[in-house]
Amino acid sequence: MKPLFLPLKKEHYNMFERGLKQCEYRKYGPRWNERTCVPGRPAVISCGYRKGNRLFGYVAGFATAHPSESAGGAVYLDTYGMCDDGPVAEIYIAVRHVIGEYACPCCGSTGHYSVTPSMQCIAALKQRI
């Protein structure tokens, strides 16, 4: 499966790079849904569309919510400047910070799994969604 490509503004890219952000918010639709954002799918986070700054990881989770109910609703509205009744796609990304290691979207650890999160972290992530 082709990696999911997520071009981001520099401020949001930097947050993923520093491990301060694990979830990206997009308008739910044909491009951002359960079929395209399947957990386990490889992901590429890009600073804009340039080829220079890229982070690699995988989709760790997916959920939908209304912008007013989403934890990142304010970020979504600030970024896209729209407020309609459609749902927001919440795409959780585990970023590989060191070759062969991924930062867990739940606890931030890079040592307890290599490709997929532990069952404990999956359960904790689902509780947060």
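The values are calculated or read from the model by the stated rules, or taken from the named source; none is laboratory data. All values derive from a computational prediction rather than experimental measurement. Cβ placement follows ideal geometry from the backbone for every residue including glycine, while neighbour counts extend to all protein chains displayed.
Points worth noting:
- Of all the criteria given as (1) part of a loop (DSSP other than H, G, I, E, B); (2) modelled with pLDDT of 90 or more; (3) of a type in the set (Ser, Thr, Tyr), the one not satisfied by Ser46 is (1).
- Selected residue [at pLDDT below 95 and either surrounded by 17 or more Cβ atoms within 10 Å (Cβ to Cβ) or closer than 11 Å to Tyr92 by Cβ (or both)] from Gly57, Gly19, Gly40: Gly57
- Contact map, the stretch 37-50: residues that are touching a residue at least 24 places away in the same chain (Cβ under 8 Å) and under 10 Å from Leu6 (Cβ atoms) paired with residues that are of a type in the set (Ser, Thr, Tyr) and assigned to a strand (DSSP E or B), Cβ distance under 7 Å, separation 6+ or inter-chain. Pairs shown: Ala43/Tyr58.
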